């Protein structure tokens, strides 16, 4: 790390905002947006190369609870944005997942 330089691979600005809404005692929703600002490539400690673009990603979650059961449906990257969370100074770019879904079912043991 060189004095006065930005840490490579780490954005100066980032934020996450979530909005939760309980439709009923059994149904909950969540809408969240993540913002990651532009940053230098991992390994570019001298900050000589161009920055990786920043990005925002929108996610949603729906939760239904019935007795001892809990059903979760999560939709990641709702807008299907193409972005890379990670890239390095050797030319490797690691693209992040496109829109994807995750369904989980849990049972509460008593």
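The values are calculated or read from the model by the stated rules, or taken from the named source; none is laboratory data. Since we're looking at a predicted model, the values are computed, not measured. Please note: Cβ atoms are built from the backbone with ideal geometry, for glycine as well, and neighbour counts cover all protein chains shown.
Evaluated against (1) modelled with pLDDT of 95 or more; (2) in contact with a strand residue (DSSP E or B) (Cβ under 6 Å, 6 or more places away or on another chain), residue 65 falls short on exactly one condition, (2).
Within the range 42-66, residues that are touching a residue at least 60 places away in the same chain (Cβ under 8 Å) reach no partner that is in a strand (DSSP E or B) and surrounded by 15 or more Cβ atoms within 10 Å (Cβ to Cβ) with beta carbons closer than 9 Å at six or more positions or on different chains. Look at (1) farther than 21 Å from residue 84 by Cβ; (2) exposed (fewer than 13 other Cβ atoms within 10 Å of the Cβ); (3) at pLDDT below 95 and you find that residue 22 fails only one, number (3).
Please identify the pairs in which a residue from the range 6-19 that is on the phi < 0 side of the Ramachandran plot and without any contact (Cβ under 8 Å) to a residue 40 or more places away in the chain has its Cβ atom under 7 Å from the Cβ atom of a residue that is exposed (fewer than 12 other Cβ atoms within 10 Å of the Cβ) and in a loop (DSSP other than H, G, I, E, B), counting only partners at least 6 apart or on another chain. From the range 6-19, the pairs are 7/1.
Please enumerate the residues belonging to the range 43-57 that are within 19 Å of residue 97 (Cβ to Cβ) and surrounded by 16 or more Cβ atoms within 10 Å (Cβ to Cβ).
Step one: of the range 43-57, the residues within 19 Å of residue 97 (Cβ to Cβ) are 52-57.
Hits for the range 43-57 are 52, 55, 57.
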